There are 2 protein chains.
Amino acid sequence: MDTTEILITIRRIVRSINLESKKIQKEYGVSIPQLLCLSYLHASRNFQSTQGEIRRFLNLNSSTTSGIIDRLENKGCLARLPKQGDKRVVNIALTSKGSELLKQVPPLLHDRLSERLQSLPSIKLQQIQESLVTLVHILDIEQVEASPMLTIEEPIEETKKEISSKSQEI
Amino acid sequence: MDTTEILITIRRIVRSINLESKKIQKEYGVSIPQLLCLSYLHASRNFQSTQGEIRRFLNLNSSTTSGIIDRLENKGCLARLPKQGDKRVVNIALTSKGSELLKQVPPLLHDRLSERLQSLPSIKLQQIQESLVTLVHILDIEQVEASPMLTIEEPIEETKKEISSKSQEI
DNA sequence: GTATTTTTGTTCGCATAGAAACCAATAACC
DNA sequence: GGTTATTGGTTTCTATGCGAACAAAAATAC
């Protein structure tokens with residue numbers, strides 16, 4: 001497996017995750033980013049948070065977060081409330097409908113996948129973890145540069161690119 | 001790092017790839033899926049292929065492929081031609097504009113990423129490959145089920161799920 | 001030859017994702 | 001207090017991605 005195949009494999013992993021998200025959405029009516037958002041609210045103080053906090057938690061762009069919140073609001077899972085003291089900020093509150101939905105979904109999801117991952121030898125699992133972190137570093141060039149104190153890394157050039165060539169259908 | 005963190009890491013990898021795609025699009029006017037499509041045409045006989053072949057190569061849904069081809073057609077990078085003998089099939093032909101664009105983009109991209117991957121110890125690279133393949137198997141549950149002759153795999157239940165919980169902003 | 005099934009690719013609808021533009025509110029500066 | 005800079009979130013636009021529906025064409029069955 002060379003560079004190209006690694007990239008192709010990543011694309012396939014991404015696709016699987018997206019397909020899974022679609023299945024969950026069909027079955028439960030919420031997507032994974034939506035679920036992540038609801039989970040965050042559930043774990044927040046007073047089951048509330050701000051759009052900015054959710055955005056940072058999800059590590060997404062502001063407009064994307066706004067869209068996710070819109071759709072959850074339309075579903076009745078959360079509500080937008082004004083925040084005392086700062087009129088720019090919108091408080092996002094989990095509704096009981098959202099809370100109920102959370103009770104149905106996460107345990108099923110988490111258990112199944114954990115099951116599979118934990119059936120692996122722990123050495124294997126460790127490998128996966130390290131490999132993913134390595135990939136993050138390779139791809140997250142900006143992050144590495146932003147923290148020169150992290151570790152000894154080889155000098156990495158500014159602009160990183162990604163390539164593609166053939167991929168084979170399975 | 002447990003299951004949740006693996007999932008979170010995957011999400012971060014996905015994000016990096018998407019951000020990279022955005023940069024490339026801004027700089028060269030084409031996205032990575034579009035580049036993949038053009039590359040495939042370039043390597044095809046007579047610089048032509050069918051929508052179905054491109055779809056299988058990209059491993060994408062038909063409507064997605066149609067959209068990608070639409071946008072490349074609008075850019076003048078490819079053309080839709082009828083196929084002799086089967087009126088359902090559309091031949092997709094790379095234009096010289098598309099060919100020229102390919103000359104500018106891919107070498108830069110591929111080289112940079114290869115460079116970084118190949119600067120890793122070969123053991124590390126091997127780990128990454130194996131880990132990705134393992135993840136593919138875990139996520140590609142349907143593939144494994146569809147091919148019971150592949151290898152000895154533990155019995156895997158039908159519906160797999162994915163979970164999420166906290167992720168931290170870096 | 002006719003009826004049915006399968007194939008091919010397009011359209012539509014929905015969601016995610018980012019960039020850019022925007023505006024109101026707040027903070028910082030003088 | 002007035003001016004400038006920053007912040008927070010929304011809107012608009014573009015692209016990717018999937019599923020469902022669809023129509024035409026081809027393949028298959030009788």
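Determine the dipole magnitude for region A:17-110: charges of +1 sit on the beta-carbon of Lys and Arg, -1 on that of Asp and Glu, nothing else is charged, the reference point is the Cα centre, and the result goes in debye to the nearest 20. Let's see the in-between values first.
Working: 14 positive and 7 negative charges, 30 e Å.
Computed charge dipole of region A:17-110: roughly 140 debye.
Sort A:S49, B:S122, B:S66 so that the residue with the fewest other Cβ atoms within 10 Å of its own Cβ comes first and the one with the most comes last. Show your work: numbers first, answer last.
Numbers: A:S49 23, B:S122 8, B:S66 15.
Ordered from fewest to most neighbouring Cβ atoms within 10 Å, A:S49, B:S122, B:S66 come out as B:S122, B:S66, A:S49.
On average, how many beta carbons from a partner chain sit within 10 Å of the beta carbon of a residue in B:13-24? Numbers along the way, then the final one.
Numbers: counts 10, 7, 7, 12, 7, 1, 4, 6, 1, 0, 4, 4.
Other-chain Cβ atoms within 10 Å of each residue's Cβ, averaged: 5.
Size of the dipole of region A:43-96 about the Cα centre, Lys and Arg at +1 and Asp and Glu at -1 on the beta carbon, nothing else charged, in debye to 20? Present the calculation step by step, with values, prior to reporting the outcome.
Details: 9 positive and 4 negative charges, 16 e Å.
The dipole of region A:43-96 has a size of about 80 debye.
With unit charges on the beta carbons (Lys and Arg positive, Asp and Glu negative) and the dipole taken about the Cα centre of region B:16-119, which residue among B:I24, B:S49, B:L38 sits farthest to the positive side?
The residue sitting farthest along the positive end of the dipole is B:S49.
Would you compute the Debye intensity of region A:17-110 from its alpha-carbon atoms alone, equal scatterers and no solvent, and pass along log10 I(q)/I(0) at q = 0.12 Å⁻¹ to two decimals?
Values, matching the q order: -0.34.
Quick note: the coordinates plus some simple rules give every number you see, no bench work behind them. Quick caveat, the model's predicted, so the values are computed rather than measured. Here the Cβ is made from the backbone with ideal geometry for all residues, glycine too, and neighbour counts use every protein chain on show.
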